[in-house]
1. In square angstrom, what is the accessible area per residue of segment 165-303 with a 1.4 angstrom probe?
2. Would you compute, from DSSP H runs of 4+ residues alone, the mean residue ellipticity of the chain at 222 nm, taking -39500 (n - 2.57) per run and dividing by the full residue count, rounded to the nearest 500?
3. Name the long-range amide H neighbours of residue 209: under 5 Å, sequence gap of 5 or more, or other chain; modelled H, no Pro or chain starts.
4. Which order do you get for 492, 82, 45 if you rank them by accessible area with a 1.4 Å probe, largest at the top?
5. Keeping all protein chains in the complex and leaving out DNA, RNA and ligands, what accessible area do you get for residue 83 with a 1.4 Å probe, in Å² to the nearest 10?
6. Once amide H atoms are built 1.01 Å from N in the peptide plane, which residues 5 or more positions from residue 137, or in another chain, come under 5 Å H to H?
7. How much solvent-accessible surface does residue 593 expose, in Å² to the nearest 10, with a 1.4 Å probe and all protein chains in place?
8. Let me spell out the model: positive unit charges on the Cβ of Lys and Arg, negative unit charges on the Cβ of Asp and Glu, origin at the Cα centre of the chain. What dipole size does that give, in debye rounded to 20?
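The values are calculated or read from the model by the stated rules, or taken from the named source; none is laboratory data. On a predicted model such as this, the values are computed, not experimentally measured, just so you know. Backbone-built Cβ (ideal geometry, glycine too); neighbour counts: all protein chains shown. Surface areas here come from the heavy atoms of the whole protein model, side chains and all, with no ligands, DNA or RNA. Shrake-Rupley method; radii C 1.70, N 1.55, O 1.52, S 1.80 Å.
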Amino acid sequence: MSRFLTLIPYLAAQKILKTSVRPGHQIRTVPVTKSHGHICHEPVFSRLTIPNSAVSLRDGYAVIASESHSATEANPVHLKTFVPVHTGSPIPDGFDAVIMQEDVRLNDSDSIAILKPARPGQHIQKAGSEVGTGTMVLPAGHLISPEDIGAMIGYGITSVQVQKTVAGLIPTGDELKEPCTAPGPGEVIASNCEMLAASLETIGVESLIYPIVPDDPVKIQNAIEQAVRECSFVIISGGSSTGNRDHTENVLNEIGSLLYHGVAMRPGRTTLAGVVDEIPIFGVPGTPAGALAVLRELIIPWLSDTGYPVPIQNMVEVTLADTVPSELGTDDFILMVTGKVGDEYKAMMLPRGGGQMSAVKSNAVLHIARNSEGIKQGKECVIRLTQTFPHPDNIYLLSGLYDPILDILDQYLRKMQRKIFVRKGSYETTLLSIQNGNIHGGIIIRERTDGENWKKQDYSFLKEKAYAITIAEREYILATKGFPDFKSDKIFKYPDISQDSFLYHLMDAYFQKNQVNPQRILKQDHISNTEHEIIQKILEEEIDFGPCSSNLASEFELEGPVIGCESIDLIVREEDIESDQIQYMIHLLGSDEWNKEAWILPGYNLKRSGRVSLLQS
């Protein structure tokens, strides 16, 4: 098997499938995930940090980036310090980059020749870059989708219950672990097949998920031979690339025939198709995004082409809120979020490397054909809805900073068949998006003390008047195990914090307001850079008190007086403030119901929620 794929056009792959193979027909009663189409009754939080260690994004070699800076094809750099890695392998300590095997020449077992320089972090996915333990994955009131099922299983969450064509789904990979088990370094919970099964269930296709098969050609062959006896068609998750552990192509050539291997589409480039005993076999990438793209863009259209009753797709004409780049010669399928802003639908691009959370948050797919290098911001195009609840008319597109109170707001909106999508963005980018009318509004966080903003903020990116709608105020306290008596003779220790920081300002203002005797307090020698460091030092009794958010302090059963707050605000243009969408939000935030809903999250003051004020620099 060649290490490099010869990619055929996406439309050519569709034609090959349409004219070459048809699904069989079987009737099976099998245990499958039943949660699709049901509504969550409580919020679902990730139990894991994914990935739990830095892992390689490519097959190749882990290296020290600084040792490769001068490498060129004409003058390669010869390295003796390296470790071979596969996609998903944990990165050994001391190494900070991965060089793909295509960019390396093997000299001997002791050295490799580097043809291109590596940069620190190249082809490495950082630990926790996808999701952290305790992150809200799905809010209460959420209609569970196939993407959600894959994400819940992938994040260690137990799945919930919800003439036939039967799909046989075979998960493969030495790195896979069974659902509901904790993965070790370099291991991944097998969630792709559950996600694919749920997707197929939406069109009435039942699925039989087989046990995990290791990267062993004999065992893969045995699994395929069993599946073709029991199923209408078979999907093999993983093993479709060209690495040393990818055996699907060779197995299909041994026991059947190969239709193609490699399609010029993204994601899903390494997909393959073949036939064994007249049963179609599909190989999909092991990544959730790639597996889902192949199912949506090749397998389900093939079922429709062969006469299977696939539901009509929901297409929406939108204006792009972002410039969406694409590769010439590749059919690109990009996950999007669309909502109605004013009188037109806008669509925001989700990060390509966002893992399963991107699929959870998206409600549409944009197809960019192979003859285009992308579509510019502001251009009109047609996207395909992948979710229709809540309806795009009831989705708020926001940009800016994140705060946990936004998860509670989203959860509350689901009761009214609405939702918010917040894409993280810088302060400047957020204001520009507001000014251009690409979003409903932006989330900014303003530091306040004694009822006033601590620092003036620059709103010059906004060319017209804008308003701030207060969502909630996050309170800060002087956290302590037991509040000190400053009138006693004891000397109390407090953290060394940068004097330019908001935390220092709050603590210093409290000392002055309460006339704390400077002789009774002693600053710790080592500087504390984060609230977590301050809390850790309080718990270890290195200091007696320190400033931090009340919400964070409550997690460690720390208390103290309120010394300030941060106002989480929704910024909207003057021309949008009277729109039905924004007026609905203002009314909701000022309601007693919102106050009752948000009190579940400690450390937030809701007295100013729903208050509207004119922005002033």
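1. Per residue, segment 165-303 has an accessible area of 31 Å².
2. After summing the helix terms and dividing by residue count, I get -6000 deg cm²/dmol.
3. Residues meeting the amide H criterion: 169.
4. Reading off the accessible areas and sorting them downward yields 45, 82, 492.
5. Its heavy atoms expose roughly 40 Å² to the probe.
6. So residue 137 has HN proximity to 44, 45, 46.
7. Spelled out: residue 593, probe radius 1.4 Å, area about 100 Å².
8. Dipole magnitude for the chain comes out near 880 debye.
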